[in-house]
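These notes are about the structure you will find just below.
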Amino acid sequence: MSRLTHYCCVIGLGYIGLPTAALVSSRDIPVLGVDVNSSVVDNINAGETHIVEPDLDGLVQRSVRLGLLRASLEAEPAKVFLIAVPTPIDEEKRPDLTAVHAAADSIINVLKPGDLIILESTSPVGTTDGLAARLRARRPDLAIAEGAENDDMVSVAYCPERVLPGRIMQELVANDRCVGGITPLCTQRALAFYNQFVNGTCIATTARVAELVKLSENAFRDLNIAFANTLSMVSDRHDISVWEVIELANRHPRVNILKPGPGVGGHCIAVDPWFIVHAAPEEAGLIRMGREVNDAKPHYVLDKVRRALETLPSATKIACLGLAFKADIDDLRESPALGISHLLASEYGSRVLVVEPNVRSLPSGLAADGAQLVTLDEALEQSGLLLVLVDHRQFKAVARSRYSTKTVIDTRGIWQS
């Protein structure tokens, strides 16, 4: 593939960027994927993937074999630049747009008239406008989403992803997309791009609306989970099953309570509501409260474990079942299960056994505290306290007879009678 044949250049080859690059290239559109991690680049060029996601391996292998997908450490000329990089929060819960700025800087020297830039990273309202301004400051020779709307204008748009880990490849195609440009022409160009591979409806709006839509979707779910987590603690106080309460409450035709858990994790729901709070602290008090409830839930779980251990022999081993932030994936980002396991290992050292069927080794900090990665069978045999943190399918399949004589703290409700 020559340096000038890339129709699309995807910046960031993580949990969204790589699946998107694979999907676009599967439509016979040449794609260059760019990442700062050389091992990621090498793996992709060898037709291998570095994340666990159903159906992704085959698409990457096919596209690499056909010369439709290649990875690099540097951006090259393209028609469409799609930015899918992390947007975390810092220690003070403020948005950290370092990766977005770096992505913009990485393409500045290869931009040309008529190009299209799409930001997919979940971002605070106004980030897309700021991206365009950053590019204009560095390339005053280009009309970047400003002036007369013509074929030479560089278009800038925002289109957030709406996918569920474990179903990313299906949902990238099937789900509706909210596409917002800085100008009407920017919007139309971005719509034309997504309509090449999205079967869902691509809905036109503005960049700022699309940014808040994405944040609103995740804040809504965060608040619902905060309600469920609060309900779980209230149910504990009354010594009744929160799972039964929710099941029966949800039989009401206008009630849909989500499931509680050990907290909230992932790169979106555990992070994005803070973007709203940071920008509108006086108006977003309810959203802040939901975040605080969910951030506090892991400590509530830890207290339950400590109280349970007081009734058990001093050498009792604790099996933490799951590290990922949700079921049947390997993604540990912002995972409450990982945080709880870390804190338990720091207190109880080698008494902590960890079962995570989707990883090959423990994160270094967890291993340093003495925790051991074991199989599910080993955990069931050796531990006296079972802490269910993730509802992986392997855990759901465990027969009741294998844990009925042990102390069980089930934060996911999969072993409830």
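Beta carbons closer than 7 Å, at least 6 apart along the sequence or on distinct chains, pair a first residue in the stretch 329-349 that is without any contact (Cβ under 8 Å) to a residue 24 or more places away in the chain and farther than 14 Å from Val301 by Cα with a second that is open to solvent by less than 30 Å² (accessible area, probe 1.4 Å) and not β-branched (Val, Ile, Thr) for Gly349/Gly370. With respect to Thr127, determine if the residue is under 21 Å from the mean Cα position of the chain (by Cα) and open to solvent by 50 Å² or more (accessible area, probe 1.4 Å). Considered against the rule, which asks whether it is under 21 Å from the mean Cα position of the chain (by Cα) and open to solvent by 50 Å² or more (accessible area, probe 1.4 Å), Thr127 comes out as no. Cβ separations smaller than 6 Å between residues 6+ apart or across chains give the following pairs from the stretch 113-135 residues that are over 14 Å from Thr98 (Cβ atoms) to residues that are open to solvent by less than 10 Å² (accessible area, probe 1.4 Å) and of a type in the set (S, T, N, Q): Leu116/Ser155; Leu119/Thr128.
Table: residues versus (1) touching a residue at least 60 places away in the same chain (Cβ under 8 Å); (2) in contact with a helix residue (DSSP H, G or I) (Cβ under 7 Å, 6 or more places away or on another chain); (3) part of a strand (DSSP E or B); (4) farther than 17 Å from Ala104 by Cβ.
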site: His6; (1), (2), (3), (4): yes, no, no, yes
site: Val10; (1), (2), (3), (4): yes, yes, yes, no
site: Pro19; (1), (2), (3), (4): yes, yes, no, yes
site: Ser25; (1), (2), (3), (4): no, yes, no, yes
site: Asp28; (1), (2), (3), (4): no, no, no, yes
site: Val41; (1), (2), (3), (4): no, no, no, yes
site: Ile44; (1), (2), (3), (4): no, yes, no, yes
site: Gly47; (1), (2), (3), (4): no, yes, no, yes
site: Val52; (1), (2), (3), (4): yes, no, no, yes
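Checking each residue in the stretch 329-387 for being of a type in the set (Asp, Glu) and either buried (at least 17 other Cβ atoms within 10 Å of the Cβ) or modelled with pLDDT under 90 (or both) picks out Asp330, Asp331, Glu334, Glu356, Asp369.
Determine whether the stretch 277-287 contains at least one residue that is outside any helix (DSSP H, G or I) and surrounded by 21 or more Cβ atoms within 10 Å (Cβ to Cβ). No, the conditions are met nowhere in the stretch 277-287. Exactly one residue among Lys93, Lys112 is open to solvent by 10 Å² or more (accessible area, probe 1.4 Å) and in contact with a strand residue (DSSP E or B) (Cβ under 9 Å, 6 or more places away or on another chain), and that residue is Lys112.
The requirement of being out of contact with any helix residue (DSSP H, G or I) (no Cβ under 9 Å at 6 or more places or on another chain) and small (Gly, Ala, Ser) is fulfilled somewhere in the stretch 167-175, by at least one residue.
Residues considered: Ala148, Ala132, Ala137. Of these, the only one that is at pLDDT 95 or above, surrounded by fewer than 22 Cβ atoms within 10 Å (Cβ to Cβ) and of a type in the set (A, V, I, L, M) is Ala137. A search for C-beta distances below 6 Å between a residue of the stretch 73-96 that is more than 18 Å from Val40 (Cα to Cα) and basic (Lys, Arg) and any residue that is assigned to a loop (DSSP other than H, G, I, E, B) and open to solvent by 20 Å² or more (accessible area, probe 1.4 Å), counting only pairs 6+ apart in sequence or on different chains, returns Lys79/Tyr7.
For the stretch 346-366, indicate whether the set of residues that are over 24 Å from Pro165 (Cβ atoms) and either of a type in the set (A, V, I, L, M) or in a loop (DSSP other than H, G, I, E, B) (or both) is non-empty.
In the first step, residues of the stretch 346-366 are kept if they are over 24 Å from Pro165 (Cβ atoms); the result is 346-353.
In the following step, the residues that additionally are either of a type in the set (A, V, I, L, M) or in a loop (DSSP other than H, G, I, E, B) (or both) were identified as 352-353.
Yes - at least one qualifying residue is present in the stretch 346-366.
Among the residues of the stretch 59-85, those that are assigned to a loop (DSSP other than H, G, I, E, B) and buried (at least 18 other Cβ atoms within 10 Å of the Cβ) comprise Leu68, Ala75, Ala78, Ala84, Val85.
The values are calculated or read from the model by the stated rules, or taken from the named source; none is laboratory data. Bear in mind that the values here come from a model prediction, so they are computed numbers and not experimental data. With ideal geometry, Cβ positions are generated from the backbone for all residues, glycine too; neighbour counts draw on all protein chains shown. Just the protein is used for accessible areas: all its heavy atoms, side chains included, with ligands, DNA and RNA removed. Shrake-Rupley method; radii C 1.70, N 1.55, O 1.52, S 1.80 Å.
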